[in-house]
Every structure is written in structure tokens, then in C-alpha cells.
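Presented below is the structure to which this report refers.
Where a number appears in this text, it was derived from the coordinates with a stated rule and is not lab data. As the structure is a computational prediction, the values presented were derived from the model and not from experiment. Counting neighbours? That spans all protein chains shown, and the Cβs are built from the backbone with ideal geometry, glycine included.
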Amino acid sequence: MPHADMKSSKFMRTAVQVPDAQAKIAARASSGSTELVRLELAHGRTLAETVHAPHPYPFFRRSGMDGYAIVSGDTLHASSDEQIWLRVIDEIPCGYTSDQIVVEGTAARIMTGAQVPEGADAVVMLEMTESREQDGQHWIGLKRSIQPNANITPIGLEVQEGDLLLESGTTIRAGEQSVLATFGVAHVRVYRRPKVAIFATGTELLDVDEPLQPGRIRNSNSYMLRSLVVEAGGEPVMYGSIADDVAAARAKVEEAVRDNDIVVTTGGVSVGDYDIMGDLVRESDVDMLFNKVTMRPGSVTTAAVVNGKLLFALSGNPGACFVGFSLFVWPTIRMMQSDPHPYLEEWTAIMDTEYTKVNNFTRFVRGRIQIREGTVYAAPAPSRVDESSVMITIKDSDCLIVVPPERKGIAAGEKVRIIKLPQGR
């Protein structure tokens, strides 16, 4: 009978290691199209072009303080016993340039950041001078010598014309915004945010605004996935939830694939009679990449290609859904924006408390990081129940502690590998 055959085929899964699963996805992920956006809208976007300096910075000789622009040679013999006096010929606020040339015996009042006038080769700070008025003219006196180039920032001290400023694939944050604005880049070419369709399967699911009913739960995973997509730099598109029906799921997938760049589902990938995504990815027009991974939680995490688009069928278990996204969907979104480092960062930490659970698969334990006296410590996020299905600790986690298979727990004080979770992009 067809139903019995389909049911038994659900157990024919070949588990792949996490790195192998990631490699299968990476082979199918490619960078998307680009668009030009105004600089003020570029925060969090991924640069799609390499930017070189169109001019040096600073592009004029800049005063490092409030004081007087002078010829340093005038002060060669200045001392407490031999004060020298210079006639002030101009005053230069920021944003203005002087049409006067500073020659021997003269000085120009100048403000911090203003352009040093022609002829001057040093700036003396205001506090080092004395002032006097004589015959309607302003004079300043100095009692010490000033070195050439003192308190002057030369042209191109920070950046020379043609220097590399930002590489393609860079995420634009505050520092990058500052650099781009400094060099007059008013419009930035960035990668388009991949549109990520999100929907959940399960007759037991309620919308978030529906009252609780016996045997049913609210569709929380879709909202978690939405936030994760935003953090990864994608554009989430919410498709709600559908009941356990293969035909309905197929129609939803076809619509989502047509209108989006990635499809992410949650639920329906286990081995039960009603786990419809597990059935759907084995259909003839779907190129399944894998449907089992040697990981806990989320061993049933599944990835496939439908009409050239990547589809991720994540577990309905909140913890497994969270881990599956972090390991597989996050890097895909980053790869589609040519991020040179698409995977979440890995650190080495010291286990702060013991972990006793034993597994034959690699376990990714939600944890918390503490830094004490320069050393990184990690401990499982506190919970009343040590189960992967626990939802509440997702909000308390900033890392995943990687527990290798066949380990009989990890003792406190042992070194452990952790995956640093993002805290908002």
C-alpha cells in the first residue's frame, strides 16, 4: 500500500556530519543581485563593491589644536631670557582658508581642525603664548622654540589616495558609515537582502493572537525565525502555519519558492505519520541534500533544492529549530551576500560547570558566556529541565557549547569549543 511504503521510507535516512551538511549547502548557495542605496539606509547591509580612497585624508594640512600658525625658524632662539614677538596677520576658523601667507615675523590665529595657511610649518598652542596690542596690531610672544611640523596633521596621514578603504562583503556598521561619508560616498552598492519565506506546519499550531486550546500550542517558532533572519541580514516573509497536509504544504512551498530566495519551514520533518515536510522533500522534483545530521538537537534537520532555491526544513522543536538555523540557514543568508566569513564565530572557552549528558551525536548545548580576568568561560543556560525541547533558555543563550560524540560528559575546568551566537546585527 502506498501509505505504508511512504511510512517505512521515512526511516531510510543516511546521517551526515555537520561540516559535510554545511558543505552541501555551500555548493548550492550563491551571491544574489545588488542594488544602490543611500548611505543613511546602508546600516547592516553588505557592501557589494570594493571602495578605494578618491583622495587623501586629511586632504589639507590640518591644525591639531587652537593656537597660532607660525614659521618654526622664528623660534629658534626663543627662551625665557629671549622672548620673540610675532605679528598676527589673520584669524582662521574651521571651514575657512586664509589668503594670507605666513612669513618670518608673522603668525595666524587658527582653530583646531582648520587648514594651516601657506608659509606656516608649525602650530603653537594658545597657552604657550602671551598677547599684546601695539599701534592697533596684535602680537604674540613665545619663550621657547617650536619644532617644524609641530601640531600639524599632514596631508594623507591616515589615508593616501587610492588606498583600500572597504572590501566587498563588509557589513556596513557605524565605522564603515563614517569612512564612506568621509570620502563622499553618498550612495552605496550593496547586496540585496535575500527574501526568506517562513512557515510552520502542524495542525496543533495556533496563531499568536489566538486563545489557548487543549492540545494546541502557539506558532512561536515562526517569530523566532523571523528575528534570526533579520539578524542574519535577510528579509523575512511570514507565511503563517498550515495543517498536516502534504498537498497544502506542496502548494505553500511552490508559492514560497516562486516569490522568495530561500524557504525555511519548521515542523513536519520527523518520522511520524503526519510529518509532511519529510515526505515532501523526497518527491521526484525535489533535490534533497540531506535529511539527517549527526547532531543533537535537530538530527532530522533537512535541506533540499527546489527549482534552484534552497529549502530548509527545520525541526518543530524550538531548541532544534534554533540550532538548525544557526548552523545552516544563517551562513546561507550570509553567503548570498558574499560575506567572506559566513559561519558563526567559534571560540575556545573553559567549561564553568560540568555537563553530564552522553550522546552518540555531537550535541550543541545552549549556553552563557562569562569573561573573568581575561578568560572566557561557558556554562549551559540554566533551566529546570535539561531537554533540547526547552524553549525558555533560547533567550538566555549567547553561545552553543559543542559537546563531541561519545564523551561521557565534560568536567568543569575543561576546554570546550563554543559557537558565538549573534547579539543583533
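Taking the chain as the region of interest, the number of lysine pairs whose Cα atoms are within less than 20 Å, with members eight or more places apart or on different chains, is 11. Placing +1 on the Cβ of every Lys and Arg and -1 on the Cβ of every Asp and Glu, with no other charges, gives the range 62-153 a dipole of roughly 200 debye about its Cα centre. Among the chymotrypsin sites (Phe, Trp or Tyr not before Pro) in the range 290-348, none is located in a DSSP loop while being surrounded by at most 12 other Cβ atoms within 10 Å of its own Cβ. Calculated over the chain, the projected area of the Cα convex hull averaged across directions stands at 30.1 nm².
Go ahead and set up a Gaussian network model of the chain, Cα springs under 10 Å, then flag whichever of 93, 58, 340 fluctuates most. The residue with the greatest mean-square fluctuation here is 93.
With a simple spin-label model that places each label point 7 Å from the Cα along the Cα-to-Cβ direction, the separation between residue 223 and residue 284 comes to 4.3 nm. The simple Förster model, with R0 at 22 Å and r as the Cβ-Cβ distance, assigns residue 358 and residue 395 a FRET efficiency of 0.20. Measuring nothing but how far apart in sequence close Cα pairs (under 8 Å, 6+ apart) lie, relative to its length, the chain scores a relative contact order of 16 percent. Since only 55, 378, 302 are under comparison, the one whose Cα sits farthest along the positive direction of the charge dipole of the chain, derived from C-beta charges on Lys, Arg, Asp and Glu, is 302.
Computed from backbone phi with θ = phi - 60° and the Karplus coefficients 6.51, -1.76 and 1.60, the 3J(HN,Hα) list for the range 221-234 is 4, 4, 6, 4, 4, 4, 5, 5, 4, 4, 4, 7, x, x Hz; x is used for glycine and proline. Relative contact order of the range 62-153: 42 percent, from C-alpha pairs under 8 Å at least 6 residues apart in sequence. Under 17 Å from a label point set 7 Å out along the Cα-to-Cβ vector of residue 126, the amide N atoms of the range 81-96 belong to 88-96. Descending by average beta-carbon neighbour count within 10 Å, the peptides 358-368, 172-182 line up as 358-368, 172-182, the highest first.
If r is the Cβ-Cβ distance from residue 415 to residue 81 and R0 is 60 Å, what FRET efficiency results, to the nearest 0.05? About 0.35, to the nearest 0.05. Evaluated with a Cβ-only charge set (Lys, Arg +1; Asp, Glu -1), the range 1-156 carries a dipole of roughly 1660 debye about its Cα centre, given to the nearest 20. Restricted to Cα atoms, the range 346-420 shows a radius of gyration and a Dmax of 11.5, 35 angstrom. Rounded to the nearest 20 debye, the dipole size of the chain about its Cα centre is 1940 debye, using +1 on the Cβ of Lys and Arg and -1 on the Cβ of Asp and Glu. Sequence-ordered 3J(HN,Hα) estimates for the range 350-355 from the Karplus curve with 6.51, -1.76 and 1.60 and θ = phi - 60° stand at 9, 5, 7, 9, 6, 10 Hz, glycine and proline given as x.
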